[in-house]
1. For segment 79-260, just say rounded, prolate or oblate: build the C-alpha gyration tensor, square-root its eigenvalues into a ≥ b ≥ c, call rounded for a/c under 1.5, and beyond that prolate if a/b exceeds b/c, oblate if not.
2. If you plug each phi of segment 26-39 into the Karplus form 6.51 cos²θ - 1.76 cosθ + 1.60 with θ = phi - 60°, what whole-Hz ³J(HN,Hα) values come out, in order, with x for Gly and Pro?
3. Count charges around Leu46 for me, please; just the other residues with Cβ under 15 Å from its Cβ, Lys/Arg as +1, Asp/Glu as -1.
4. Note the full-extension length gain between Asn132 and Lys39 as 0.36 nm times their separation in residues minus their Cα-Cα distance, in nm to one decimal.
5. Between Thr67 and residues 5 or more places away or on another chain, which pairs have amide H atoms under 5 Å apart, with H built 1.01 Å from N, and which residues are they?
6. Let's test the formula: R0 of 41 Å, r as the Cβ-Cβ distance of Ile28 and Ser164. What FRET efficiency results, to the nearest 0.05?
7. Shape verdict for segment 152-266, please, from the Cα gyration tensor: rounded (a/c under 1.5), prolate (a/b greater than b/c) or oblate.
8. Determine the gain in length on full extension of the stretch Arg109-Asn96; use 0.36 nm per residue of separation and subtract their C-alpha separation, reporting nm with one decimal.
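Throughout, read-outs are computed from the coordinates displayed, never taken from laboratory work. Just so it is clear, the structure is predicted and the values come from calculations on it, not from any experiment. Glycine gets a Cβ as well: all are built from the backbone with ideal geometry, and neighbour counts include every protein chain shown.
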Amino acid sequence: MPSFQPVRSVMRSLAILQELNRRPVASIAQLHGATGLPKPTIVRLLETLVAAGYVSNDPHHGGYQVTSLVTSLSSGFHGDVIAVEAARPWAVQLTNRLLWPVGIAVLDRDAVKVRFSTIAESPISPFHATINMRLSLVSRAMGRAYLAFCPAAERRLLLEMLVSSTDPEDGLAKNASRFSALLQTIRRQGFAERDPMVQPHSSGTIAVPIFSQNRVLATICMTYFTSAVSRSEAVKRFVGPLQATARNIEESVVLLQVDAHPNDLS
């Protein structure tokens, strides 16, 4: 038995961090509902964690999220956190320049999940909200970009799962030769596009991979109205900036990893 009472503020701070780690973004109301802590207490703890660098306030989505500094705690850290943190300013910058919305997605078992979007910054977005949407690895641009560029061993495991999938959007995976040819084309051209047969038909999406240490950390996409931009024009205008933004994000990831582990020389 301890010889002293636990420090309540520390226990409450850890509860907040644990709950934040379960969500891409959490509001004060969500944290209150999950922890039962008074809202004024939650606000004070969040401000302290922000000041310490473990949490950031995301004004674009009205909530809080953990930062890559939590890796220094050696637990409770998911790779998508550092991907989103590194990607956020570059994605916003790209949307400010080209106007169309940008999304960032990470692998979620047999699909990818959207973890960040610049829909709020785009004046011409085809969608209202995409955060936490799970998208097919077979038919969606961000999923195809992940599957085409991930290491071969990982791709084989994912394809084994997709072949037995009952999701209609994964149907093409059952045609091994045709789908393999499609993935080869994506690797050769350096980008992926959404299957034109998938809704909504009014928009198109182009996606490229974001790498970290020879694996795909995430994928980044830009979505546009096909009535405003033709497919050929979209490829000409968007692929280069998307690839350049992906490289910038990769460099930011390295810097965040160094900041989180300043004594790690490996």
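1. Numbers: a/c = 1.63, a/b = 1.14, b/c = 1.43.
It is oblate, given that a/c is not under 1.5 and a/b is not larger than b/c.
2. Along segment 26-39, the couplings run 10, 8, 4, 5, 5, 5, 4, x, 7, 9, x, 6, x, 4 Hz.
3. Details: positive: Arg12, Arg23, Lys39, Arg44; negative: Glu19, Glu47, Asp58.
Around Leu46, the surrounding residues sum to +1.
4. Working: separation 93, 0.36 × 93 = 33.48 nm, distance 2.51 nm.
Extra length available between Asn132 and Lys39 comes to 31.0 nm.
5. Close amide H contacts, sequence-distant or interchain: Val55, Ser56.
6. Details: r = 42 Å, r/R0 = 1.02.
Plugging the Cβ-Cβ distance into 1/(1 + (r/R0)^6) gives 0.45.
7. Values: a/c = 2.43, a/b = 1.30, b/c = 1.87.
It is oblate, given that a/c is not under 1.5 and a/b is not larger than b/c.
8. On the way: separation 13, 0.36 × 13 = 4.68 nm, distance 3.19 nm.
Extra length from Arg109 to Asn96 when fully extended: 1.5 nm.
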